[in-house]
Amino acid sequence: MSPIRKVAVIGAGGTIGTSITSALVAAPDDFDVTIITRPESSATFSFPADKVPVIRTDYTIPALTAALHGQDAVVSAVGVAGIPKQKDMMDAAEAAGVGLFVLSDFGYGPEHRHLPDFDAIGKPRQDVLSYAKDKAARSNGQFSWSAIAIGNPIDWALKKFPTLGFDVVNRKATIYDSGTERFTGTTLAGIAQAVVGVLKCHDEVANRHLHVRSVETCQNDLLAAFEEVTGHKWPVTHDTTDNLLQRGREKRARGESGWVLDLIVAQLLEEGTDRRSIVVAQDKADNDILGMPHEDVPGMVKRIMMSV
């Protein structure tokens, strides 16, 4: 496959999509970027229109095929609701002669041992991944896919969701269990760099589910970093992942929102599960091949607090 130059991004208005698009646009010598979005989308983009064209089109196979004509790769960063639609997007990409489709599968990867509560949520991702594998196998090398397991988007999640244990606005913490369960995550900048790496070394990583990580940490280490960066002790409340799991399941039974986040945090921090090995141990990460540096926890925390 020839070098990738022209890249279409679908889902560029979302949190991960914005970060990816920004990284691609910041490398004008490497990529020409086009944003694909629905006509009815309310998303706005801050990129210069003369440098980053925006094509508003229906997400039908014929319309997407026309929109993707001439592109070398598609990067999908669609949200949960758009995951199943990636089958049509891949059909359109193949019909348009696009050689690489990067799936929006920025999670824990297919080997992740999730709670049974997430079986229904995870099925569309599994179906799309199977579809991509089958399409690549039938294409005689004309179509390929890549996906990137990131763990959790850790800087964004820490800033946005106090349920993860840190209320960065009010500077207080909740420590679950002993606070020593280690886990991995990838910053938004790290996710973007991973995608850039896939596009630059696509021949080497085609038809693979890659695994990356920015940091490995635990709640106690994060608390120490937040206190060091802010220069004072944070009030700490103690809770258990069992309680969090129960609260989440009770919310689900009552039809309330928020249960997904509760369960995600509970399974991430549950002691004794060693979920870092599910995300990926450092010596098995694909950081190096994708040109992704490992980040230090204090530096990440400092950037989070500077953005609050």
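Laboratory data are not the source of any read-out in this text; all were calculated from the coordinates shown. Note that this is a predicted model, so its numbers are computed, not measured. Cβ atoms come from the backbone with ideal geometry, glycine included; neighbour counts cover every protein chain shown.
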Subject >> Peptides 203-214, 291-302 ordered by average Cβ neighbours within 10 Å, highest first >> reply: 203-214, 291-302
Original post:
Which whole-number percent of Cα pairs in the stretch 153-289 have a distance greater than 23 Å?
Top reply: 42 percent
**OP:** Scan the stretch 43-120 for trypsin sites (Lys or Arg not before Pro) in coil per DSSP, keeping those whose Cβ has at most 14 other Cβ atoms within 10 Å, and list them by number.
**Re:** Lys51, Arg113
**OP:** Could you list, in their original order, any pairs among Lys233/Lys302; Lys159/Lys200; Lys85/Lys123; Lys160/Lys302 whose Cα atoms are separated by more than 21 Å?
**Re:** Lys159/Lys200
**OP:** Quote the relative contact order of the stretch 58-134 in percent (integer), defining contacts as alpha-carbon pairs under 8 Å separated by 6+ residues.
**Re:** 36 percent
**OP:** Take every Cα pair under 8 Å in the stretch 162-300 that's 6+ residues apart, average their separations, divide by the length, and report that relative contact order as a whole percent.
**Re:** 39 percent
Original post:
For Rg and Dmax of the Cα atoms in Å, the choices are [x] 24.7, 90; [y] 19.9, 60; [z] 19.9, 67; which was calculated from the structure?
Top reply: [y]
Subject >> Viscosity 1.306 mPa s, temperature 10 °C, Stokes-Einstein D of the stretch 1-97 from Kirkwood C-alpha radius, µm²/s >> reply: 119 µm²/s
Original post:
Counting pairs of alpha carbon atoms under 8 Å apart in space and at least six apart in sequence, what relative contact order in percent does the chain give?
Top reply: 17 percent
Subject >> Two-decimal Rg to Rh for the stretch 38-87 - Kirkwood Rh, Cα set >> reply: 0.95
**OP:** Considering only DSSP beta bridges where both residues belong to the chain, give the percentage that are antiparallel (nearest 5).
**Re:** 15 percent
Original post:
In the chain, with Lys and Arg counted as +1 and Asp and Glu as -1 at Cβ, which of these residues, Ala73, Val195, Ala63, has the Cα nearest the positive end of the dipole, that is, farthest along it?
Top reply: Ala63
Original post:
If you place +1 on the Cβ of every Lys and Arg and -1 on the Cβ of every Asp and Glu, how big does the dipole about the Cα centre of the chain come out, in debye to the nearest 20?
Top reply: 580 debye
Original post:
Against the longest principal axis of the chain, how steep is helix 86-95, in degrees 0 to 90 to the nearest 10, with axes from Cα atoms?
Top reply: 30 degrees
